[in-house]
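One structure is given here, and the rest of the page talks about it.
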Ligand SMILES: *[C@@H]1O[C@H](CO)[C@@H](O)[C@H](O)[C@H]1NC(C)=O
Ligand SMILES: *[C@@H]1O[C@H](CO)[C@@H](O)[C@H](O)[C@H]1NC(C)=O
């Protein structure tokens with residue numbers, strides 16, 4: 001409550017001072033069923049508190065997952081997640097947007113579990129027109145299994161920003177001018193899943209899932225979606241400028257956000273495809289922009 005009041009006061013201060021903040025509009029928590037449906041292994045999803053909180057359960061038989069009812073072209077999407085606690089090695093919890101066709105676009109958060117006390121890795125990736133290979137990996141500055149944290153994506157015609165709480169951890173600018181495809185005309189659904197990936201997830205697959213520790217449980221709240229629902233109104237969504245996320249202050253990060261992104265780069269980044277000269281002797285064109293961060 002205190003922090004809410006503080007935020008309200010702060011907002012008034014900024015409005016009064018005429019300062020525009022580029023932090024996305026505050027997300028509104030809704031029950032799971034408002035925006036999402038289970039995708040597979042329905043009996044491995046548990047509903048608490050009228051569906052305001054859900055749990056995904058992974059055991060040796062199966063993982064599980066869910067997806068958004070709607071398809072969206074641009075917007076702001078967020079989820080509060082408490083990752084699998086304790087020994088989560090070999091498990092992967094994912095939250096992502098993906099289009100449904102073959103030349104698909106995708107925006108990924110993947111949380112790679114670890115042995116008790118060892119750090120999770122957050123891997124992000126962006127696919128455009130079917131092409132990915134844009135992995136970045138960071139450690140988090142907190143234990144993501146101890147409490148809820150918010151993971152969100154802001155997507156407009158100018159940029160895709162990945163946020164962890166209020167910190168931008170990655171920005172993928174529209175680099176059409178450099179010949180790079182950018183997701184602009186294909187709607188995406190949101191997906192989340194928890195599954196066993198012990199062939200690659202933890203220390204490159206060396207650490208296997210310890211099934212004696214099953215079931216593995218990830219907990220979710222929030223389910224916030226504020227996007228242009230494409231199935232309803234395709235052409236409208238492609239028209240720029242009508243929604244809050246199209247507005248000027250959301251077309252680039254502000255100075256403070258760049259500062260925080262730099263902090264993530266310097267302190268927490270463990271892999272960036274843009275600096276991997278072994279895999280990419282010739283870096284991807286958009287990496288030219290990445291260098292400036
Ligand atoms: C989106 O645009 C690309 C490139 O112009 C094109 O190849 C693709 O078919 C378009 N997709 C849709 C769903 O319109
Ligand atoms: C797991 O812990 C090891 C040892 O601290 C670390 O090298 C690795 O990056 C951690 N994360 C994953 C997902 O492998």
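Each value in this text was obtained by applying a stated rule to the coordinates, not by laboratory testing. A quick note: this is a predicted structure, and the numbers were derived from the prediction, not measured. Virtual Cβ from ideal backbone geometry, glycine too; neighbours counted across all protein chains shown.
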Gaussian network model of the chain, Cα within-10 Å springs - most flexible of 112, 253, 190: 253
Please compute the modelled spin-label separation between residue 40 and residue 103, points set 7 Å along Cα→Cβ, answer in nm with one decimal. 2.7 nm
Give the order of 44, 104 when sorted by the count of other beta carbons within 10 angstrom, beginning with the fewest. 104, 44
Tell me, what is the percent relative contact order of region 123-174, built from C-alpha pairs under 8 Å that lie six or more residues apart? 21 percent
Pop the C-beta distance of residue 269 and residue 61 into the FRET formula with R0 = 45 Å and round what comes out to the nearest 0.05. 0.80
Taking only the Cα atoms of region 143-293, how large is their convex hull per residue, in Å³? 170 Å³
Could you quote the convex hull projected area for the chain, Cα atoms only and averaged over all directions, in nm²? 16.3 nm²
For the modelled label position 7 Å from the Cα of residue 176 along Cα-to-Cβ, which residues of region 242-286 have backbone nitrogen atoms closer than 14 Å? none
Evaluate the distance, in nm, between pseudo-label points positioned 7 Å from the Cα of residue 30 and of residue 247 along their respective Cα→Cβ axes. 2.1 nm
At 7 Å along Cα-to-Cβ for each site, give me the label-to-label distance between residue 203 and residue 115 in nm. 0.5 nm
CD proxy at 222 nm, helix term only [per DSSP H run n ≥ 4: -39500 (n - 2.57); per residue of the chain; nearest 500]: -4500 deg cm²/dmol
Relative contact order computed over region 104-224 (Cα-Cα under 8 Å; 6+ residues apart), in percent: 17 percent
So what is the relative contact order for the chain, in percent, with contacts set as C-alpha pairs under 8 Å and at least six apart? 26 percent
